[in-house]
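The values are calculated or read from the model by the stated rules, or taken from the named source; none is laboratory data. All values reported here derive from a predicted model rather than from experimental measurement. A quick note on method: Cβ atoms are made from the backbone with ideal geometry, for glycine too, and the neighbour counts reach across all protein chains shown. Note: accessible area is taken over every heavy atom of the protein model, side chains too, but ligands, DNA and RNA are not part of it. Shrake-Rupley method; radii C 1.70, N 1.55, O 1.52, S 1.80 Å.
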2 protein chains.
Amino acid sequence: MARVVVDVMLKPEILDPQGRAIARKLPQMNFDGVISVRQGKRFELELAGPADEAALEKVRQIAATLLVNPVIEDFEVRVLGD
Amino acid sequence: MARVVVDVMLKPEILDPQGRAIARKLPQMNFDGVISVRQGKRFELELAGPADEAALEKVRQIAATLLVNPVIEDFEVRVLGD
């Protein structure tokens, strides 16, 4: 049994109003030194078997099909250590 | 300049209907071997200075104040390598 993470972020050229709203709020709350905030999604998948290359390829297909909008989002798949 | 990630996930005891809907859809799409899916959020913060302990403590405060609902969510702060 392995756990795999799919990190999904908006492509750099896509505007992120939620992230910008957070970034703009920070100085008012006395949090300085944060240049930008981007908000994305994170999926944790628990696999029945090991996270070998075949399983990761399957997770990439799942991500591209179900989890990600490839027009506006990029994603990364990585194995979660314990 | 450093980039820091805040990973936000629902606490294990909180039901995740979105994740469950995805997990249930997978076998119908011929993706077997995924036991469960949990959906969370991911924030990328770009810092003006280095990601030292003081900056990370500030990011933890930002997370606890603005990014996370501590009743139902857990979070983790980590520095993003290049």
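Determine the share of region A:2-80's accessible area contributed by carbon and sulfur atoms, expressed in whole percent, with a 1.4 angstrom probe. Please report the intermediate quantities before stating the final value.
On the way: 2300 of 4210 Å².
Solvent-exposed carbon and sulfur of region A:2-80 make up 55 percent of the total.
Could you tell me the convex hull volume per residue, in Å³, taken over the Cα atoms of the protein assembly as shown? Kindly include the intermediate steps, with their values, before the conclusion.
Details: hull volume 20.4 nm³, N = 164.
It is 125 Å³ per residue.
Within 10 Å of each Cβ in peptide A:28-34, how many partner chain Cβ atoms are there on average? Round it to a whole number, please.
Values: counts 0, 4, 2, 7, 3, 9, 9.
Partner-chain Cβ atoms within 10 Å, mean over residues of A:28-34: 5.
With Cβ to Cβ distances under 13 Å as the rule, what net charge do the other residues near A:R38 carry (K, R +1; D, E -1)?
Numbers: positive: A:K11, A:R20, A:K41, A:R42, B:R3, B:K41, B:R42; negative: A:D7, A:E13, A:D16, A:E73, A:D74, B:E44, B:E46.
Spelling it out: positives minus negatives among the neighbours equals 0.
State to the nearest 20 debye the size of the charge dipole of region A:1-57 about its Cα centre, where the only charges are +1 on K and R beta carbons and -1 on D and E beta carbons. Can you show the working numbers first?
On the way: 8 positive and 9 negative charges, 107 e Å.
Charge dipole of region A:1-57: 520 debye, to the nearest 20.
Looking at A:V4, A:G19, A:N69, which one has the Cα that reaches farthest to the positive end of the dipole of chain A (charges on Cβ: Lys, Arg +1; Asp, Glu -1)?
Positive-end residue among those listed: A:G19.
Could you state the angle between the C-alpha long axis of helix B:53-62 and the longest principal axis of the C-alpha atoms of chain B, as a value from 0 to 90 degrees rounded to the nearest 10?
So the inclination is approximately 50 degrees.
With a 10 Å cut-off between alpha carbons and a GNM built on chain A, which of A:D52, A:D32, A:D16 moves the most?
Sorting by GNM fluctuation, first place goes to A:D32.
Skip the ligands, DNA and RNA, and give the accessible area per residue of the protein assembly as shown with a 1.4 Å probe, whole Å². Could you put the intermediate results ahead of the total?
Details: 9250 Å² over 164 residues.
For the protein assembly as shown, the per-residue accessible area is 56 Å².
Within the set of other residues whose C-beta is less than 10 Å from the C-beta of B:I22, count the net charge using Lys and Arg as +1 and Asp and Glu as -1. Kindly include the intermediate steps, with their values, before the conclusion.
On the way: positive: B:R20, B:R24, B:K25, B:R38; negative: B:D16.
Residues close to B:I22 contribute a combined charge of +3.
Using Cα atoms only, what is the angle between the long axis of helix B:17-28 and the major principal axis of chain B, expressed in degrees (0 to 90) to the nearest 10?
That works out to roughly 50 degrees.
Full-extension gain between B:E13 and B:A64, please, as 0.36 nm times their residue separation minus the C-alpha to C-alpha distance. Intermediate values should be presented prior to the final figure.
Working: separation 51, 0.36 × 51 = 18.36 nm, distance 1.93 nm.
Here the answer is 16.4 nm.
Kindly compute the accessible surface that chains A and B hide from a 1.4 Å probe when together, both sides summed, and give it to the nearest 100 Å². Walk me through the numbers before you get to the answer.
Details: alone 6070 and 6070 Å², together 9250 Å².
Approximately 2900 Å², summed over both chains.
Using Cα pairs closer than 8 Å and at least 6 residues apart in sequence, work out the relative contact order for region A:2-80, in percent. Numbers along the way, then the final one.
Numbers: 100 pairs, mean separation 42.7, N = 79.
That works out to 54 percent.
For chain B, compute the orientation-averaged projected area of the C-alpha convex hull (one quarter of its surface), in nm². Kindly include the intermediate steps, with their values, before the conclusion.
Values: hull surface 27.7 nm².
Mean projected area of the Cα convex hull: 6.9 nm².
If you find the alpha carbon centre of region A:37-82 and of region B:1-37, how far apart are they in angstrom?
Their Cα centres are 9 Å away from one another.
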